[in-house]
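First comes the structure, then the notes that go with it.
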Amino acid sequence: MRHLNTNLFFSGNKKYSKQYFLKHFHNLFLKYFYEFYSKKQKVFGIGLNKTGTSSLGAYFERLGYYHSFETYSSRKLNRFLKDENYLFKEASRFDMHEDWPWAFVYEKIFYRFSDAKFILTLRETPEKWFNSLLNTTIRHGPNPQNLIFYGSEAIKPEMKKRLIEQYNNHTKKVINFFENNNAMDKLLILKTNDIDKEEKICSFLGIQFNPKIKYPHMNKGVYK
């Protein structure tokens, strides 16, 4: 079979780069063959975006968990929120999920996947979380996913009080939910400035800690 030169095929278009092609081929493969390859306990990252969710997902990949690379479109996200069967089908396809929409559907996931575990990622402070969210709009522009979860495609300085309140409410709601269900053993709270993330995660999962597998820092930025 002739080798497909993906560099040439996708050259000149960042969206359709070789990396993009390979990642989406990986996702497509797992969606149809996952059940034959993995029996790991499911893990869901349920922190809001910009709380180190990409780093969390990358670490789980290093641990050998099958993890989706897909950034869901607003159309897909809306369907996840409205169609439980569609949501559960996607949840069943990988070992680990994080970011949108999981922070907003964790209660449904909890009742559907009885053995699943959940990780609530948090920034050092709510203010740093908002600044990171704001900086993303400044750097990359508005996006429709923000509209679904934050009420506006563009994050603006005047939204700070409302969004920090939403962030704090999310944290309280998650903790209260697991406390009320006597399931705090299924929840790990992980801050971006924790220096022992690897040990905490491995202990939480009940797997052997390997100091050679380092926790990454994805999408680095400088925020006040």
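State the extension gain, in nm to one decimal, for the chain segment bounded by Ser152 and Glu61, taking 0.36 nm per residue of separation less the distance between their alpha-carbons. Don't skip to the answer; put the middle values down first.
On the way: separation 91, 0.36 × 91 = 32.76 nm, distance 3.18 nm.
Difference between extended and current length: 29.6 nm.
Taking neighbour counts of Cβ atoms within 10 Å as a proxy for exposure, in what order, fewest first, do Ile164, Ile195 appear? Each step should come with its number before you reach the end.
On the way: Ile164 16, Ile195 9.
In increasing order of surrounding Cβ atoms, one gets Ile195, Ile164.
Mind listing the long-range amide H neighbours of Lys191? Cut-off is under 5 Å, sequence gap 5 or more, other chains count too, H placed in the peptide plane at 1.01 Å from N.
Leu122
Report the gain in length on full extension from Phe88 to His217: 0.36 nm times residue separation, minus Cα-Cα distance, nm rounded to one decimal.
Working: separation 129, 0.36 × 129 = 46.44 nm, distance 2.92 nm.
Going from the current span to full extension adds 43.5 nm.
Tell me, what is the percent relative contact order of segment 41-205, built from C-alpha pairs under 8 Å that lie six or more residues apart?
Relative contact order for segment 41-205 comes out at 29 percent.
For a 26 Å ceiling on Cα separation, which of these pairs sit above it: Lys50/Lys214; Lys108/Lys128; Lys50/Lys200; Lys42/Lys156? Don't skip to the end; give the middle numbers.
Values: Lys50/Lys214 20 Å; Lys108/Lys128 29 Å; Lys50/Lys200 20 Å; Lys42/Lys156 35 Å.
Among Lys50/Lys214; Lys108/Lys128; Lys50/Lys200; Lys42/Lys156, the Cα-Cα distance tops 26 Å for Lys108/Lys128; Lys42/Lys156.
Using 0.36 nm per residue, how much length does the chain from Arg75 to Glu165 gain when fully extended, once their Cα-Cα distance is taken away? Mind dumping the intermediate values first?
Numbers: separation 90, 0.36 × 90 = 32.40 nm, distance 2.64 nm.
Separation in residues times 0.36 nm, less the Cα-Cα distance, equals 29.8 nm.
Distance from a point 7 Å along Cα→Cβ of Ile207 to each backbone N in segment 65-90: keep the residues under 11 Å and list them by number.
Residues passing the 11 Å test: 65-67.
What does the net charge come to around Asn210 if you take all other residues with beta carbon closer than 11 Å to its beta carbon, with K and R at +1 and D and E at -1?
Working: positive: Arg62, Lys212, Lys214; negative: Glu198, Glu199.
Value of the local net charge: +1.
For a test of the definition: using alpha carbon positions, the gyration tensor, and the 1.5 limit on a/c, classify segment 103-224 as rounded, prolate or oblate.
Working: a/c = 2.18, a/b = 1.37, b/c = 1.59.
Since a/c reaches 1.5 but b/c is at least a/b, the shape of segment 103-224 is classed as oblate.
Laboratory data are not the source of any read-out in this text; all were calculated from the coordinates shown. On a predicted model such as this, the values are computed, not experimentally measured, just so you know. Every residue, glycine as well, gets a Cβ built from its backbone with ideal geometry; the counts of neighbours run over all protein chains shown.
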